[in-house]
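Beneath this line is the structure, given in structure tokens, with notes to follow.
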Amino acid sequence: MDHLIILLIFLAGAFMEYRVLMKKRQVRDIVVSACFLSVGVALVLLRQLQVNLPSPMMGINVLFKPIDLFMSRLLK
């Protein structure tokens, strides 16, 4: 039941936002917003279903570790 309430809240927010964007004919903004909203809804629902999600810090470390090593070598 909680999942349905969360989904309805997301959809109501999206409906209000997209209605304004459609009047302004900002299709690109709608597409980008829908992508982010889809990812957000998926993450919230997975969290509600108690699915173990990896920490975002792992991805950040993978991205920035080579930069850190490069900068460390430059500053020595």
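Return yes when Phe10 is among the hydrophobic types (A, V, I, L, M, F, W, C), open to solvent by 90 Å² or more (accessible area, probe 1.4 Å) and in a helix (DSSP H, G or I) and no when it is not. Working first, answer last.
Numbers: among the hydrophobic types (A, V, I, L, M, F, W, C): yes; open to solvent by 90 Å² or more (accessible area, probe 1.4 Å): no; in a helix (DSSP H, G or I): yes.
Taking the combined requirement at face value, the residue does not satisfy it.
Look at (1) modelled with pLDDT of 90 or more; (2) open to solvent by less than 100 Å² (accessible area, probe 1.4 Å); (3) of a type outside the set (Gly, Ala, Ser) and you find that Phe64 fails only one, number (2).
Out of all the residues in segment 48-57, which are open to solvent by 80 Å² or more (accessible area, probe 1.4 Å), more than 20 Å from Leu4 (Cα to Cα) and modelled with pLDDT under 90? Scanning segment 48-57 gives Pro54, Pro56.
Of all residues in segment 23-47, which are surrounded by 12 or more Cβ atoms within 10 Å (Cβ to Cβ) and in a helix (DSSP H, G or I)?
Scanning segment 23-47 gives Asp29, Ile30, Ser33, Ala34, Leu37, Ser38, Val41, Leu43, Val44, Leu45, Leu46, Arg47.
Of everything in segment 67-76 that's part of a helix (DSSP H, G or I) and not acidic (Asp, Glu), which residue is least open to solvent (accessible area, probe 1.4 Å)?
Within segment 67-76, the first condition is being part of a helix (DSSP H, G or I), and the residues that meet it are 67-75.
Cutting the leftovers down to not acidic (Asp, Glu) gives us 67, 69-75.
Values: Ile67: 91, Leu69: 80, Phe70: 119, Met71: 90, Ser72: 50, Arg73: 176, Leu74: 108, Leu75: 145 Å².
Within segment 67-76, the match that is least open to solvent (accessible area, probe 1.4 Å) is Ser72.
The values are calculated or read from the model by the stated rules, or taken from the named source; none is laboratory data. Quantities reported herein were computed from a predicted structural model and do not represent experimental measurements. Neighbour counts are summed over all protein chains in view; Cβ atoms, including those assigned to glycine, are modelled from backbone coordinates with ideal geometry. What goes into the accessible areas is simple: the full protein's heavy atoms, side chains included, and nothing from ligands, DNA or RNA. Shrake-Rupley method; radii C 1.70, N 1.55, O 1.52, S 1.80 Å.
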